[in-house]
Amino acid sequence: FEEDPPHRPLFGKHVLITAGPTHEPIDPVRYIANRSSGKQGFAIAAAAAQLGARVTLVSGPVTLPTPVGVDRVDVETARDMAEAVKRTLPVDVAIMVAAVADWRTQDVAAEKMKKRGSAPPALRLTENPDILAMVSVSDKRPKLVVGFAAETEKVIQHATEKRQRKGADWIVANDVSGDVMGGNINAVHIVTAQGVESLPEMPKDDVARALVERIADALVPPAS
Ligand code: CTP
Ligand code: CA
């Protein structure tokens, strides 16, 4: 039925998705990372392509196959991801699912750091660009900007504040206090200007489908 126009409500729309972690180098063999697997972002990319969208997936280092019909751009660091996102604009919808490293090391050692019996080195960190906030204020701002919020406590409160602070239209909040990161199940709350819709716990593929259907409805309200 994917050929059937009513089931391809995102046909003609360009959707940009970020996914996965970023890696921030310390020296040539070490980096700072996080537990993001990329599964939720890749599932959203697949679901958007199934609904007919042209999809650009900007992915940090993950071990997942590229979904059918998706253009993938691989990046390593937050700054690489920000550049790839900028190059992809303008788009109709941006969905920022990536777990972007908040900090990177201020200086990357040119050679592998050695113990040599001395005191452990201190990492000096500096803040990375906020890609979601950048897209939200861009002069090429997409019609719909969707962010994610990985929280371990006060999930809806933090997500609501994040929506305001980052200028996103929607924030999809997930509680990552359990084993969501890396797992196949997710329970999310979609926070919009209209309020909060909480979806029951379900496989990440189903979360993706539910989210992308809501995005299609928001872009093209169904004829009444
Ligand atoms: N995000 C981003 N660029 C960053 C940090 C976050 O684009 N440098 C995006 C994420 O992809 C996600 C949203 O912002 O869509 C929220 O990420 P999150 O880490 O929850 O928010 P932060 O603003 O970084 O706040 P904190 O980690 O302190 O909770
Ligand atoms: Ca963060």
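Each reported figure results from applying straightforward, stated rules to the coordinates on display, with no laboratory input. As the structure is a prediction and not an experimental result, all values here were calculated from the model. Backbone-built Cβ (ideal geometry, glycine too); neighbour counts: all protein chains shown.
Let me confirm something: among Ala82, Ala98, which residue is under 15 Å from the mean Cα position of the chain (by Cα) and farther than 22 Å from Val176 by Cα?
When all the criteria are applied, what remains is Ala82.
Within the stretch 163-175, restricting attention to residues that are out of contact with any Leu (no Cβ under 9 Å at 6 or more places or on another chain) and more than 21 Å from Arg209 (Cβ to Cβ), which residue is surrounded by the fewest Cβ atoms within 10 Å (Cβ to Cβ)?
Per the criteria, the residue is Gln164.
Please specify each residue of the stretch 95-144 satisfying the condition of being of a type in the set (Asp, Glu), more than 16 Å from ligand 2 (Cβ to nearest atom) and over 22 Å from Lys13 (Cα atoms).
Asp107, Glu111
Out of Leu16, Leu10, I need the residue that is touching a residue at least 40 places away in the same chain (Cβ under 8 Å) and over 15 Å from the mean Cα position of the chain (by Cα). Which one?
Unique residue meeting the criteria: Leu10.
If the Cβ limit is 9 Å and pairs must be 6+ apart or interchain, which residue in the stretch 103-116 that is free of Cβ contacts under 8 Å to residues at least 60 places away in the same chain pairs with which residue that is in a loop (DSSP other than H, G, I, E, B)?
Matching pairs, first to second residue: Gln106/Leu123; Gln106/Arg124; Asp107/Arg124.
If I ask for residues that are over 17 Å from Thr105 (Cα atoms) and either part of a helix (DSSP H, G or I) or of a type in the set (Ser, Thr, Tyr) (or both), which ones from the stretch 66-81 would you list?
Hit for the stretch 66-81 is Thr66, nothing else.
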